[in-house]
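Enquirer: So that we are looking at the same thing, I have put the structure below in structure tokens.
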Amino acid sequence: MASLTRASGYGVEQRRGPRIDWLLLTSTIVLIVVGFMSLYSEGLTRDGDANFRAQLRNTAIGLIPFSIFAFTPLRIWLRSANLIYALNVLMLSLVFVMGSHKKGADRWIPLGPVQFQPSEIAKVLVVLTLAAFYAKRQDSIRTLSTFLKGLLHVGVPAFLVLMQPHLGGTIVLLVIWFGVSLAATAGIIFALAGLVVLATRIPNAPKFLPVYQLKRVLGMMSNDSKGKTYQTDRAEIAFGVGAVSGTGYLKGEQKAGHFIPEQYDDFIITVIGEEGGLIGCTLVLAAYGFFFYRLWLVMLYASEPYHKMIVAGLFAALGFHMFVNMAMVLHILPVVGLWLPFLSYGGSAMWMCMASVALALRIRSREKPLLF
């Protein structure tokens, strides 16, 4: 009787109760713990453990969105897609009305002791609404009109994020669009053609970039590091000091000297590189690799197109964040302000990551057993 199933209007569910992907959940916890350890070490000689304690609070608060996305039936998100989209646009618009101005941008809305960044949660909401948009248009999924409407669907929140300004967040939303479109097989030829056109326009991109972003790009391509590439230069030194085995936990010299500005944020991996060396960085990369492997399996075994598109969008967003963060720290790409998933300090970033994992676990719980 344990194998009895019941057919629902939205797929087939096991009567024995939801399945939990313990390996995906465990890899997530491992990455969060590594982030805690790195933040504690980074702040030890700078502000005590203020950021560490704040991140503990952020993670505790993150259990709220985690629970919401883990226990809400997926059909609710599908049926409420229009409402969610309107709410997303409203939150992104409120930034210009009641947002706090920091570091030359309007990205945060004060909520008591925490700062809420709508552009981070917008990534999850765009995944849900875009997947619903394609799921409701399966009969015309490969037409030009569906492709253009899907691009416009993402274009509105992407434009609002760009106006904050937040170029990195805008690019992530476009990456989500491409990832979900690939999973939906919606206008793939059009999407690839669009990427080709975009690539041919890269030489003219500098004229559209804000001054501070243009300086970062020019600094990366130049050997003159008079302030333009200071962070990445110091990051290279930190990795060099760490060598193979690292200086040891809590013993980083570059970290103790505060040579890397805001190391707790986008450059948190340099703490691991200095104190854990090549071995520590390899272990962290292995943890990320296993995490994305489990996420990929959830997408691969998803039986519903809507589920597959959701996981594809989450995979694209988190994978792009990790890749670009690592690349900019290693001076391969210009600094664009994209955090490292689960490790970098930030409440909204952690909530987005936890919500993404919860969605993947929810989808996994509805599917047949996965092979390791």
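The values are calculated or read from the model by the stated rules, or taken from the named source; none is laboratory data. Everything numeric in this text was worked out from a predicted model, so none of it was measured. When we count neighbours, we look across all protein chains shown, and the Cβ atoms used for this are built from the backbone with ideal geometry, even at glycine. Note: accessible area is taken over every heavy atom of the protein model, side chains too, but ligands, DNA and RNA are not part of it. Shrake-Rupley method; radii C 1.70, N 1.55, O 1.52, S 1.80 Å.
Enquirer: Please compute the modelled spin-label separation between residue 330 and residue 93, points set 7 Å along Cα→Cβ, answer in nm with one decimal.
Expert: Distance between the two pseudo-spin positions: 4.3 nm.
Enquirer: Among 245, 27, what's the order by accessible area (1.4 angstrom probe), most exposed first? Each step should come with its number before you reach the end.
Expert: Numbers: 245 85, 27 10 Å².
Most to least solvent-accessible, the answer reads 245, 27.
Enquirer: Can you give me the distance in nm between label points at residue 230 and residue 253, each placed 7 Å from the Cα along the Cα-to-Cβ direction?
Expert: Spacing of the two 7 Å Cα→Cβ label points: 2.1 nm.
Enquirer: Next up: Measure off 7 Å from each Cα along the Cα-to-Cβ vector at residue 293 and residue 29, then give the distance between these two points in nanometres to one decimal.
Expert: 1.9
Enquirer: What shape does region 16-105 take by its C-alpha gyration tensor, where a ≥ b ≥ c are the square roots of the eigenvalues and a/c under 1.5 counts as rounded, a/b above b/c as prolate, and the rest as oblate? Working shown, then result.
Expert: Working: a/c = 3.48, a/b = 1.16, b/c = 3.00.
Oblate, because a/c is 1.5 or more while a/b does not exceed b/c.
Enquirer: What is the percent carbon and sulfur in the accessible area of region 223-372, measuring with a 1.4 Å probe over the protein chains and ignoring ligands?
Expert: Values: 3670 of 5600 Å².
That share works out to 66 percent.
Enquirer: Region 300-315 to region 24-64: how many Å between their Cα centroids?
Expert: Region 300-315 and region 24-64 have Cα centres separated by 29 Å.
Enquirer: For a distance above 18 Å, tell me the whole-number percent of Cα pairs in region 307-372 that qualify. Show your work: numbers first, answer last.
Expert: Values: 978 of 2145 pairs.
Roughly 46 percent, once rounded to a whole number.
Enquirer: I would also like to ask the following. Using 0.36 nm per residue, how much length does the chain from residue 152 to residue 283 gain when fully extended, once their Cα-Cα distance is taken away?
Expert: On the way: separation 131, 0.36 × 131 = 47.16 nm, distance 4.03 nm.
Between residue 152 and residue 283, full extension yields an extra 43.1 nm.
Enquirer: Give me the base-10 log of I(q)/I(0) for region 240-372 at each q in 0.11 Å⁻¹, Debye formula, one uniform scatterer per Cα, rounded to two decimals.
Expert: Evaluating at q = 0.11 Å⁻¹ gives log10 I(q)/I(0) of -0.46.
Enquirer: Counting other Cβ atoms within 10 Å, keep those with at most 13, restrict to DSSP loop, and tell me which trypsin sites (Lys or Arg not before Pro) in region 131-166 are left.
Expert: Passing sites in region 131-166 are 136.
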